[in-house]
1. What's the number of the only condition in (1) under 18 Å from the mean Cα position of the chain (by Cα); (2) surrounded by 13 or more Cβ atoms within 10 Å (Cβ to Cβ) that residue 38 fails to meet?
2. Output the residues belonging to region 185-210 that are surrounded by fewer than 20 Cβ atoms within 10 Å (Cβ to Cβ) and under 16 Å from residue 35 (Cβ atoms).
3. Identify, by number, the condition in (1) within 24 Å of residue 188 (Cα to Cα); (2) in contact (Cβ under 8 Å) with a residue 60 or more places away in the chain that residue 37 doesn't meet.
4. Here are some residues: 124, 183, 141. Which one is more than 20 Å from the chain's Cα centre (by Cα) and over 30 Å from residue 9 (Cβ atoms)?
5. Which one of these is closer than 20 Å to residue 34 by Cα, modelled with pLDDT of 90 or more and surrounded by 13 or more Cβ atoms within 10 Å (Cβ to Cβ): 133, 162?
6. State the number of residues belonging to region 91-105 that are at pLDDT below 85 and more than 17 Å from residue 161 (Cβ to Cβ).
7. If you take just the helices (runs of 4 or more DSSP H) that sit entirely in region 121-229, which of them hold at least 1 residues that are closer than 17 Å to residue 93 by Cα?
8. Hey, can you tell me all the residues within region 72-96 that are in contact (Cβ under 8 Å) with a residue 12 or more places away in the chain and in contact with a strand residue (DSSP E or B) (Cβ under 8 Å, 6 or more places away or on another chain)?
């Protein structure tokens, strides 16, 4: 069964332009990259899959479970989709500690953080080597530490799907190279179906098993990656 099946139609309007998204793709691999130039619709696809764009129409299925199926009247709210999202700037809450940021992942499901949830947060803190930073605020974390917190928070809800929106683009080149390797190891360890948005072929080579290309709101044929045989 495919990890992710997506058919989406969406039109976005702004004062100076309109953007139309019309995509149909299947991601069968554990880790798939959605690659394309800036403004091609990559992040819009992720937001629609996560349920953050209520105007989206079509179908989204994860492991056979329908998150969105407009013809059948199915449109799960974002909090019920169990989709973990790591945003481009990590979107950590600046006034919350590392532990509180992880707990928020559970609260967004409308759940109280009970003893079982607290144990899961503790396990993630250990898994991502954050024990010494449990009480730290995001402003006191390095780029790599913020990345680990954001990924751990996304995994706190035990997601059926993980969405990564350009998770390395905000970093300088030397740090990006090191954290690309660390992120690849983390994704291999957690084994959650993952859709990664990027425009960087090096991210695709290091982090993904397959790729899907998008341009101007449409799925297009992919050019071979540099160095590919």
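1. Tallying (1) under 18 Å from the mean Cα position of the chain (by Cα); (2) surrounded by 13 or more Cβ atoms within 10 Å (Cβ to Cβ), residue 38 fails exactly one: (2).
2. Within region 185-210, 199, 200, 201, 202, 205, 206, 209, 210 meet the criteria.
3. The failed condition is (1).
4. Working: 124 fails: more than 20 Å from the chain's Cα centre (by Cα); 183 fails: more than 20 Å from the chain's Cα centre (by Cα).
None of the other options fit; the residue is 141.
5. Working: 133 fails: closer than 20 Å to residue 34 by Cα.
Every option except 162 fails the conditions.
6. Initial filter on region 91-105 (at pLDDT below 85): 104-105.
Remaining after also requiring more than 17 Å from residue 161 (Cβ to Cβ): 104.
Total satisfying the criteria: 1.
7. Numbers: elements: 143-155, 173-190, 201-207.
Here the list reads 143-155.
8. If the condition is that a residue be in contact (Cβ under 8 Å) with a residue 12 or more places away in the chain and in contact with a strand residue (DSSP E or B) (Cβ under 8 Å, 6 or more places away or on another chain), then 75, 76, 81, 82, 83, 84, 85, 86, 87, 88 are the ones that fit.
The values are calculated or read from the model by the stated rules, or taken from the named source; none is laboratory data. Remember, it's a predicted structure, so these values are computed and weren't measured experimentally. Here Cβ is always computed from backbone atoms with ideal geometry, including for glycine, and neighbour counts include all displayed protein chains.
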